[in-house]
1. Counting only other chains, what is the mean number of Cβ atoms within 10 angstrom of the Cβ of each residue in peptide B:135-142?
2. Have a look at the DSSP beta bridges in region A:106-268 and tell me what percent are antiparallel, nearest 5.
3. At 0.36 nm per residue, minus the direct Cα-Cα distance, what do residue A:189 and residue A:261 gain on full extension? Give it in nm, one decimal, please.
4. Could you work out the relative contact order of chain B? I mean the mean sequence separation of Cα pairs under 8 Å and 6+ apart, divided by the number of residues, in percent.
5. With everything on Cα atoms, drop me the angle between helix A:224-235 and the longest principal axis of chain A, reported from 0 to 90° to the nearest 10.
6. Report, in degrees rounded to the nearest 10, the 0 to 90 angle that the Cα long axis of helix B:252-266 makes with the longest principal axis of chain B.
7. Tell me the mean residue ellipticity at 222 nm calculated for chain B from its helices only (DSSP H runs of n ≥ 4, each -39500 (n - 2.57), averaged over every residue, nearest 500).
8. Enter the mean number of other protein chain beta carbons within 10 Å of the beta carbon of each residue in A:224-233, as an integer.
């Protein structure tokens, strides 16, 4: 049986809810769940102050209501499924290493920062800093997948070291800034200055893009690896056409102020 | 035992433990995929002289390949996993990576994983790029037509090599026709290959030789020209040609099935007897009795 938490009271200020991860709630009874600590603004409170719990967590946790002010959901998750039937607040899936997070609505800033495994699927839009490194931290996500059905804002994949970030819509400025490795696929348009200071890694877009002068054109070709990625994204319900899979892409190498081993692939119709 | 007018010997094929891998080769069109597969499976008829046995399992539709391109499935067998790994690196490196437009993927999850792309990547001279997708690591090796994409590791599993049928015919045309027919039927079985030229071998061998340097020599008991001089000929007076079909498979059941369909396709006018090669049962771990194949089908 899965555990359902229904938001009863929308908080006035953000709530930090690190406790709400399916592997942490495994086997807990309803009263035990409702007594878990949360931080509401600068006050300590418990889950029961905001949520009505029903059921027992068998690895599946359902959260219902407008959770846009509930932060740190699924933090450090290692296994299980967290399904958010609505919007999610900032810092979703911080440092998670396994399991799956599904958000039916939109997510705030900092989706999956520094995560190392598992998958986060946001069906709507996401805010800034998806899969990014925290300020002062050497690297962002090191593994796993973040799939955004809608658009994402600035600094998507900042400092990412490995893994996959896919965006169904557009991404904001500085997509893949300081990227160390990994793959970012944006089906829509890239914002300004994609790949700035990237060392390695791949940024793909299905549209043309204005690139920094520190990127150099290499060739136009069909990257065989990309077909595998795009097929995978199609299975995850992103709108990938056959033409994108079999199409040709212009390869731009950069950023030459760094290692110059990164690449931006622009789809050519 | 008989199928039609063809006598079926009450004997067995003696097959051996091997290690096998399935290699999926994709390319821009079926011709290039096939070109790579043919190159990779060349000079791979017998472990005795080629260190491995390989063949094309089947051609793959675009819906069956990892990258939606046309492909070919190849099976490669060797006597041990270490040898299999070496052969994979040699043959994928020299025959698939060299072929325009190809990519190469592991086609099975085996008991062991063998480093292939993980070694071939060094050809990239530092320009190679690693990609990880769903727990799988791939290498992108820059080549002159773009990139060669290859799985870092290939799965390998215990397999069965040396299933066989001996077709004893009245003359060459009848035996060739029966062999062709059997090969065509056996190629419809998944998980097997027939490593010899077009599936057929005429130089069947026995263990040992009068020459010390050789571990195998001509199977004089089945050579029609030696009927009068061989110490233990197995040929009836009206048999003037013998052809053999050797089968390697990913498991025993696949080899059995291939032998079964081959047996039935080859039993036809002009084929006096169908037999199978063995070494008295002392060498091979698998004994596939022809009578069991016939009984299983009757049941």
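Read-outs throughout are calculated quantities, based only on the coordinates presented, and are distinct from any laboratory measurement. Computed from a prediction, not measured in an experiment: that's the story for all the values here. Note that we place each Cβ from the backbone using ideal geometry, even for glycine, and neighbour counts take in every protein chain shown.
1. For peptide B:135-142, the averaged partner shielding equals 2.
2. Values: 12 of 32 bridges.
Around 40 percent of the beta bridges assigned by DSSP in region A:106-268 are antiparallel ones.
3. Additional length available on full extension: 23.7 nm.
4. Relative contact order here is 26 percent.
5. Between helix and principal axis, roughly 30 degrees.
6. With rounding to tens, the tilt is 50 degrees.
7. So the calculated ellipticity at 222 nm is -6500 deg cm²/dmol.
8. Numbers: counts 17, 10, 5, 8, 11, 4, 2, 4, 2, 0.
Partner Cβ neighbours, averaged per residue: 6.
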